[in-house]
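Asker: Quick one: structure below, then a few questions.
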Amino acid sequence: MNSIQTTDERLSFRNHQPLLEKDKVVLDRKDAKLVMAHMYVAIVCLILGGLAGLLQTLVRSGTLKLPAGIGYYQILTVHGIILALVLTTFFIMGFQTSAVARTCGPLTALQRKLVWIGFWVMLIGTAMAATMVLLNKATVLYTFYAPLQAHVIFYVGMALVVVGSWISAAGQIMRYAQWRREHKGQKTPLLSYMVTINNVMWIVCSLGVASTVLFQMIPWSLGLVERIDVSLSRTLFWYFGHALVYFWLLPAYMAWYAIVPKIIGATAFSDNLARMSFMLFLFFSIPVGIHHQLVEPGIDVLWKYVQVVLTFMVVIPSLMTAFSLFATFEAYGRKQGAKGILGWFKNLPWGDARFVLPFIGMAAFIPGGAGGLVNASAQMDQVVHNTIWITGHFHLTVATAVILTFFGTMYWLIPHCTGRVMTKSINKLALIQGYMWALGMSIMSGAMHFIGLFGAPRRSTYSEYGGSKVAAEWIPYQVIQAIGGTILFVSIILVVIVFIQLCFFAPKGFEEYPVAEAMDQNQPTYKFVENWKFLIVVTIALILIAYTIPVGQMFIDPPPGAKGFGEGKVW
Ligand code: HAS
Ligand code: CU
């Protein structure tokens, strides 16, 4: 095999620049194998979860009746769990492992073993949970809110997925810590720092879901206790749940800050700013979960207010990210001779799927983030809460901004790991895939946002409202959603074709693992950004401020302010 082959000719479709010696780093074969194991699971999840999604839009629009007694909520559970929880976690753990291995060097045998153990524990947990969902013994949706109850094996399975991810995260963090020990006083590689922030955030937040599963759900589903406190279980879930959405987002941000600039042949705007924004994500991602509970009784309005304020704090690092990306693109465009405010737009490499997919993701995140601001504004949330607007919101964020970035990342990560290269024709297919996603999602999510404003509920089917006049008015929008959903499903089939090509059929060669340098690459970072004692103390302090009293109040009977919706101090 001709490994570092002359890629220039083959990659001319990409505006390819000759590789520098330092860009020719190849992942250790053993690490590449480990990364690929995660990718295979992710693609299987995509097929199953995507199919469930297609069926849902068809059922909602009244076009399809599910056969063999399969329920709507059963496939909705499959869709949510397999895509939002399982696909994301496997992709993220695989990608993050690759990022530390690429920037810090190959994993040691112990670190690699930990990531493998994490992988298997997650896979066993997934199989247990999936079996129960398929047997219709865990039709509880991805949020598994009580009083919906699942078989105990489902909860144990989900707990294993979380525990597995902790073991994997430990392996990745150890690689970062080892680099720090070996390079005392030096600035750590940006990607490894980002991976560590995301892992620490993940470990701290998942303690919430682990405790509701362990101390509430499992004893309850075993019949050891007759009832559990629903308010408390929802609060513990959302203590985890908002950070969960950032656990999905941050790997996409890693690609936007530290990889996409290299793909377009530019220098990233700022290493320091990227670290600052990740630090803020660690601080503010967790103490904001109550913004998912703004209409729930039993939580005092003051604490809802505090968490809404903190939610607006967590918007700041996203605005910093948007600023940083615009600055990177603009600086690059001007260097190429672009003029005017938006002249840079034309100079971007529109023929390169590794760039175009994440870019569509960024563009989708502008309306996606704006929708988030609407949700977080408590009064406006009264209008959109539990409507299909929310479904529209998270299909722009996680199911476009994040997932298109993940696909765009797979399109170089997989050939890098399998020792193959992207060809002109596969790249073209990948571009079509990205544009189809943009089209399908604009249609589906647009219709969801629109009809949500008129009160169409999320998580409900037409048959439940069958015959009512108002439900009949929603039907055309459900049909539009189904059209969008069908286009998305075709796009998923293209992802699978591209994936298989890159795994098994693309020509052998060297595909770069792009890592950008920043304009302030050689300047030191602010010391506190990597002072882990400081980071963890601030994180925990903010959590205690935001949660101690509202959770404490749940143990007082009757809870203060729990007089009922709209009365007293409760929204
Ligand atoms: Fe959200 C509900 C608030 C971001 C996911 N969210 C959800 C649910 C999910 C989800 C899954 O406050 C449903 C949960 C359930 O099942 O009940 N969300 C926010 C806020 C933000 C936000 C304030 N959400 C996300 C992200 C997600 C996600 C990210 C997944 C990855 N969300 C809420 C609230 C609810 C909620 C309430 C509960 C609602 C209810 O009633 O139940 C913000 O963090 C967003 C900040 C983002 C921005 C955008 C920055 C833009 C960037 C792109 C730059 C583009 C460039 C390209 C450079 C301010 C970085 C140039 C392009 C050109 C075209 C020129
Ligand atoms: Cu949230």
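The values are calculated or read from the model by the stated rules, or taken from the named source; none is laboratory data. From a predicted model like this one, the values you see are computed outputs, not experimental measurements. Please note: Cβ atoms are built from the backbone with ideal geometry, for glycine as well, and neighbour counts cover all protein chains shown. For the accessible areas, the whole protein counts, side chains as well, though only heavy atoms, and no ligand, DNA or RNA atoms are used. Shrake-Rupley method; radii C 1.70, N 1.55, O 1.52, S 1.80 Å.
Asker: Angle between the Cα long axis of helix 109-134 and the longest principal axis of the chain, 0 to 90 degrees, nearest 10?
Answerer: 40
Asker: A further question on this structure: Pop out the ³J(HN,Hα) list for the range 154-171 in order, Karplus 6.51 cos²θ - 1.76 cosθ + 1.60 with θ = phi - 60°, rounded to Hz; leave Gly and Pro as x.
Answerer: Running phi through 6.51 cos²θ - 1.76 cosθ + 1.60 with θ = phi - 60° gives 4, 5, 5, x, 5, 5, 5, 4, 5, 4, x, 5, 5, 5, 4, 4, 4, x Hz.
Asker: Which of rounded, prolate or oblate describes the range 6-113 when judged by the alpha-carbon gyration tensor and an a/c cut-off of 1.5? If you can, show how the numbers build up before the last one.
Answerer: Details: a/c = 4.35, a/b = 1.95, b/c = 2.24.
Cα axes put the range 6-113 in the oblate bin.
Asker: Something else now. Taking only protein heavy atoms and a 1.4 Å probe, what accessible area per residue, in Å², does the chain have with all protein chains in place?
Answerer: 40
Asker: Could you work out [θ]222 nm for the chain from helices alone, using -39500 (n - 2.57) per DSSP H run of at least four and dividing by all its residues? Round to the nearest 500 deg cm²/dmol. Can you show the working numbers first?
Answerer: Working: 20 runs with 370 residues, N = 571.
After summing the helix terms and dividing by the residues of the chain, the value is -22000 deg cm²/dmol.
Asker: Follow-up. Does the range 482-533 classify as rounded, prolate or oblate by the C-alpha gyration tensor (a ≥ b ≥ c root eigenvalues; a/c under 1.5 gives rounded; else a/b over b/c gives prolate, otherwise oblate)?
Answerer: Judged from the Cα gyration tensor, the range 482-533 comes out oblate (a/c at least 1.5, b/c at or above a/b).
Asker: In nm, to one decimal, how far is the modelled label at residue 551 from the one at residue 331, with both set 7 Å along Cα→Cβ?
Answerer: Result for the modelled spin labels: 4.1 nm.
Asker: Shifting gears a bit: So what is the relative contact order for the range 124-266, in percent, with contacts set as C-alpha pairs under 8 Å and at least six apart?
Answerer: Contact order relative to length: 25 percent.
Asker: Which lysines does residue 527 reach when only Cα atoms under 20 Å apart count, and residues fewer than 8 places away in its own chain are ignored?
Answerer: 184, 187
Asker: For the chain, which longest stretch is free of loop sites, where a loop site is one of the GluC sites (Glu not before Pro) that DSSP puts outside H, G, I, E and B and that has at most 15 other Cβ atoms within 10 Å?
Answerer: Answer - 227-566.
Asker: May I ask which residue of 423, 167, 84 lies farthest towards the positive end of the charge dipole of the chain, with charges of +1 (Lys, Arg) and -1 (Asp, Glu) on Cβ and the Cα centre as origin?
Answerer: Of 423, 167, 84, it is 423.
Asker: For the range 434-443, what does the Karplus curve 6.51 cos²θ - 1.76 cosθ + 1.60, with θ = phi - 60°, yield as ³J(HN,Hα) per residue in whole Hz, taken in order and with x for Gly and Pro?
Answerer: Here the 3J(HN,Hα) series is x, 5, 5, 4, 4, 5, x, 6, 4, 5 Hz.
Asker: Suppose R0 equals 56 Å. What FRET efficiency, 1/(1 + (r/R0)^6) with r the Cβ-Cβ distance, do residue 184 and residue 63 give to the nearest 0.05?
Answerer: It comes to 0.30.
Asker: How long, wide and thick is the chain, going by the Cα atoms along their three principal axes, in whole angstroms, largest first?
Answerer: Ordered largest first, the chain gives principal extents of 69, 53, 50 Å.
Asker: If all Cα-Cα distances of the range 68-204 are sorted into 10 Å bins from 0 onward, what percent lands in each bin, rounded to whole numbers?
Answerer: So the P(r) values, bin by bin, are 13, 37, 26, 16, 7, 1, 0.
Asker: Are any of the pairs 30/262; 30/508; 22/262; 22/424; 24/428; 22/346 more than 23 Å apart by Cα-Cα distance, and if so, which?
Answerer: Violating the 23 Å Cα-Cα cut-off are 30/262; 22/424; 24/428; 22/346.
Asker: Using modelled amide H (1.01 Å from N, peptide plane; none on Pro or chain starts), what sits under 5 Å from the amide H of residue 387, excluding residues fewer than 5 places away?
Answerer: Amide H to amide H, under 5 Å and 5 or more residues apart or across chains, residue 387 pairs with 458.
Asker: Which trypsin sites (Lys or Arg not before Pro) in the range 122-199 pass both tests, a DSSP loop state and at most 10 other beta-carbon atoms within 10 Å? All intermediate terms of the calculation are to be shown ahead of the outcome.
Answerer: Working: sites: 137, 175, 180, 181, 184, 187; in loops: 137, 184, 187.
Passing both the DSSP loop test and the Cβ count: 184.
Asker: Given H placed 1.01 Å from N in the peptide plane, which residues other than close sequence neighbours of residue 518 have an amide H under 5 Å from its amide H?
Answerer: Amide H neighbours of residue 518, under 5 Å, 5+ apart: 268.
Asker: How much of the accessible area of the chain, probe 1.4 Å, is carbon plus sulfur, in whole percent?
Answerer: 69
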